[in-house]
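Data block below; observations after.
The values are calculated or read from the model by the stated rules, or taken from the named source; none is laboratory data. Because the structure is predicted, anything quoted here is derived from the model rather than measured. A quick note on method: Cβ atoms are made from the backbone with ideal geometry, for glycine too, and the neighbour counts reach across all protein chains shown. In case anyone asks, the SASA skips ligands and DNA or RNA and just uses the protein heavy atoms, side chains included. Shrake-Rupley method; radii C 1.70, N 1.55, O 1.52, S 1.80 Å.
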Amino acid sequence: MVRPADCALPTETTFNTMEKPVTKRLLFDFFSEKSTAMQRKLIEEWLEDAANQELYYKYLDEWESENPQFFPDLDRAMRSYQVQLTGAAGGRASTGVTVKMQRIPLFRRKIWRQMLAAACVVIATCFLFRKELMYQSLNSASGHSASYQLSDGTTVLLNANSTLLVPRFGFGSGSREVELQGEADFNVTHTGSNNRFIVNMGDHYRIEVLGTQFVAYSRREEKRVFLSRGKVKLRLPQGKQVYMKPGNLFTSGSNGSFDMSVPAKPQKYTAWKEQLFYFDNSTLSEVARQMKERFDVDVRIPDTVLAERRIGGIYRAEHPDDLFSILSELLLIEVIQNQDHVELHIQKNQ
């Protein structure tokens, strides 16, 4: 890869900290794990100045583009393992050696058939439960968040009805890649080997970070990222990528479009961590959607006019009945509990 002239190493920029130079070459050696303990200490002191962090991430991104890292493809590894099992069990592996066929005694054929059947069962089990074999599933129940600490020191707070898949093998040694279904707050630990932390959100949305804090939302209808601290690179469908700064909110559109903004009320995207609902002139249908996500309760509003009624404010609700009671008092609605769903109606005495 050809470097731009202004970034060529022979004419590198020198930065001073405590009258000691921090150069681009020194940073590249640090990323390659070739720096000394004294140089690492120097860089740590240099990074204490927030003004230097932007340049640090810029050079890290340049270094990574020139030094692609290996990330294991676990699904491909599983397929390869299955092929090896099939070859061993069925005798289909080609060796290029001509074997003289001999008549096999009947009792041996029976044993081999039993061994083949057992191998087929193993292969089928591996195929059906490959996710369970390759990934540890971290979950949160309906109405409750759940906190986890990963082996690299990263802490994750899962919102209700969310799942985080973490590789059982190799996580933290060359790759830190997880898969999110739902919503979670990540506080990522920056490792000494500078391994990026990657969150796959599905539909070709991917978050890449080093050490930072952010809230990621990944459900079928929308992808969302709110960055509290540090820096994040988002890889989007069709090969697009964007960078986020603290306070930025990324939201995806249904047609593949996206928006980057700085919300005036960031608590709206973090209130769930304190068991709060944050409604900002929200429709009742939006409230019903959030209750479905948080409590797994099917809330139906037959009256379209009522569904468009709006509500604002911050409310604590650790159980669906807490929020139903608030809605009943504020909007004068009737809550009807059915066997498999809840209906909201305008009170008859209005």
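The residues in the range 144-159 that are open to solvent by 30 Å² or more (accessible area, probe 1.4 Å) and in contact with an Asp or Glu (Cβ under 7 Å, 6 or more places away or on another chain) can be counted, and the count is 1.
When you scan the range 237-249, do you find a residue that is aromatic (Phe, Trp, Tyr), closer than 25 Å to Leu60 by Cβ and open to solvent by less than 50 Å² (accessible area, probe 1.4 Å), even just one? Within the range 237-249 (the criterion being aromatic (Phe, Trp, Tyr), closer than 25 Å to Leu60 by Cβ and open to solvent by less than 50 Å² (accessible area, probe 1.4 Å)), the answer is no, since none of the residues qualifies.
Among the residues of the range 123-137, those that are open to solvent by less than 90 Å² (accessible area, probe 1.4 Å) and either modelled with pLDDT of 95 or more or touching a helix residue (DSSP H, G or I) at 6+ places or on another chain (Cβ under 7 Å) (or both) comprise Ile123, Cys126, Leu133, Met134. Of all residues in the range 244-262, none are over 25 Å from Ile311 (Cα atoms), aliphatic (A, V, I, L, M) and in contact (Cβ under 8 Å) with a residue 40 or more places away in the chain.
Being open to solvent by 30 Å² or more (accessible area, probe 1.4 Å) and either of a type outside the set (Phe, Trp, Tyr) or touching a Ser or Thr at 6+ places or on another chain (Cβ under 7 Å) (or both) is a description that does not apply to Arg196. Counting only strands (runs of 3 or more DSSP E) wholly contained in the range 225-338, the ones carrying 3 or more residues that are in contact with a helix residue (DSSP H, G or I) (Cβ under 9 Å, 6 or more places away or on another chain) occupy 276-283, 310-316, 333-337. Looking across the range 193-229, just one residue is within 30 Å of Asp29 (Cβ to Cβ), touching a strand residue (DSSP E or B) at 6+ places or on another chain (Cβ under 9 Å) and small (Gly, Ala, Ser), and that is Gly211.
Evaluate the following for Phe258: is it open to solvent by less than 50 Å² (accessible area, probe 1.4 Å) and aromatic (Phe, Trp, Tyr)? No; evaluated as a whole, the condition is false for this residue.
Restricted to the range 14-53, and to residues there that are surrounded by fewer than 11 Cβ atoms within 10 Å (Cβ to Cβ) and within 21 Å of Tyr243 (Cβ to Cβ), the residue that is modelled with the highest pLDDT is Asp49. Here the condition is being open to solvent by less than 70 Å² (accessible area, probe 1.4 Å) and either among the charged types (D, E, K, R) or in contact with a strand residue (DSSP E or B) (Cβ under 9 Å, 6 or more places away or on another chain) (or both); of Gln275, Gln337, it holds for Gln275 alone.
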